[in-house]
1. Using beta carbons and a limit of 6 Å, which pairs, at least six apart or on different chains, have the first residue in segment 74-97 and closer than 11 Å to residue 64 by Cα and the second one at pLDDT below 75 and outside any helix (DSSP H, G or I)?
2. Being out of contact with any helix residue (DSSP H, G or I) (no Cβ under 6 Å at 6 or more places or on another chain), surrounded by fewer than 24 Cβ atoms within 10 Å (Cβ to Cβ) and within 23 Å of residue 121 (Cβ to Cβ) is the requirement here; does residue 221 meet it?
3. Does residue 133 satisfy the condition of being buried (at least 19 other Cβ atoms within 10 Å of the Cβ), at pLDDT below 95 and more than 23 Å from residue 304 (Cα to Cα)?
4. Checking residue 143 against (1) of a type in the set (A, V, I, L, M); (2) in a helix (DSSP H, G or I); (3) buried (at least 21 other Cβ atoms within 10 Å of the Cβ); (4) touching a Lys or Arg at 6+ places or on another chain (Cβ under 9 Å), which test does it fail?
5. Helices (runs of 4 or more DSSP H) wholly in segment 1-88 with at least 2 residues that are modelled with pLDDT under 70 and under 26 Å from the mean Cα position of the chain (by Cα) - which ones?
6. Can you find a residue that is closer than 16 Å to residue 99 by Cβ and touching a strand residue (DSSP E or B) at 6+ places or on another chain (Cβ under 8 Å) anywhere in segment 173-183?
7. Please indicate, with yes or no, whether at least one residue in segment 162-183 is within 23 Å of residue 132 (Cβ to Cβ) and of a type in the set (Lys, Arg).
Amino acid sequence: MTYAGKDRRRPGTSRGRARRLIVTPEALRQVKGIELRTRRLVNSLLTGEYRSVFRGQGIEFAEVRAYQQGDDFRSIDWNVSARMGHPFVKTYHEEREVTLLLVVDQSGSLQFGRPYTKAGLAVEVAAVLALAAARHNDRVGALIFADTVEFVVRPAKGRPHALRVIRDLVAFRPRGRGTNLGEALRYAAKLLRHHSIVVVLSDFRAEGWEDPLGRLAARHDVVAVTVDDGREVELPDVGWVDMEDAETGRRVVLDTSHGPTRTRVRVAAERQLQERARKLVQARVDRVALHTNVPYAVPLRRAFAERARRLKR
């Protein structure tokens, strides 16, 4: 992908318009490939789970009416029932419109992985969710970031718009290499005026994101999709390796055949993953754990099914 002209952002101009993307024929072929590859998952695997998960709390209070045989006793309005002398239940109707915002990390640390990069996996999972949203006539948008928010597709309805979201995700190449997840979450909070579903796809290898995530989750329904590669924890035994940090450029030479070195790397990586898990639990967000070397359909469906069961309790 190439960029047309300079980034001439004017005051008040949205980030989505401040940066023009020229979509190449190769990018369009990738979009078509993703659509074909994920069609079965969207049609067969996620149809029910999407409605249960993303519509589970998308309801509004309608009215109170007299209890009828077969009504769920959990919906009884005890205050009204006490005043009227016989049971009444609350009724709800499903919101006509749900907004899904995909917050997609494309920083340097995501440009790693095998057989797919973490960035590529994040884009493909985002594509599945975008197509599922379009299938249910929901609004879907995307916010793409690295060391700053670089591109925004504002939420809208329709399959053509969902394909546009996927096209921009595929065509996008970040200018920055670092990760500023906190800024992306704060931007998302300002962008969304009504209660929405926010799916954050990232490896969460950054600092200072836990407070913005917690504040976002207090107003919206947030799902964290963590994307990892197994070699970040368990170094392959390939002898001396010249390694470079994809975000800072810092380089180090390691002997991956040295047992104690491999152990230190594994312990440090596991500690980092445990700290990330603790922060996600503290922020009270749901989590879907994906790995580049494991097909994502099964863990994605399993995580959504578990969330759907929990919302029904």
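1. What qualifies is 91/62; 92/59; 92/61; 92/62.
2. yes
3. For residue 133, the condition - buried (at least 19 other Cβ atoms within 10 Å of the Cβ), at pLDDT below 95 and more than 23 Å from residue 304 (Cα to Cα) - is not met.
4. Only one criterion in (1) of a type in the set (A, V, I, L, M); (2) in a helix (DSSP H, G or I); (3) buried (at least 21 other Cβ atoms within 10 Å of the Cβ); (4) touching a Lys or Arg at 6+ places or on another chain (Cβ under 9 Å) is unmet by residue 143, namely (2).
5. In segment 1-88, the matching helices (runs of 4 or more DSSP H) lie at 15-18, 46-54.
6. No - not one qualifying residue is present in segment 173-183.
7. Yes.
Yes or no, residue by residue, for (1) over 29 Å from residue 42 (Cα atoms); (2) among the hydroxyl-bearing types (Ser, Thr, Tyr):
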{"residue": "161", "(1), (2)": "no, no"}
{"residue": "170", "(1), (2)": "no, no"}
{"residue": "185", "(1), (2)": "no, no"}
{"residue": "192", "(1), (2)": "no, no"}
{"residue": "203", "(1), (2)": "no, no"}
{"residue": "222", "(1), (2)": "no, no"}
{"residue": "227", "(1), (2)": "no, no"}
{"residue": "239", "(1), (2)": "yes, no"}
{"residue": "257", "(1), (2)": "yes, yes"}
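The values are calculated or read from the model by the stated rules, or taken from the named source; none is laboratory data. Nothing here was measured: the structure is a model prediction, and the numbers come from that model. Cβ sites come from the backbone with ideal geometry, for glycine too, and all protein chains shown count toward neighbours.
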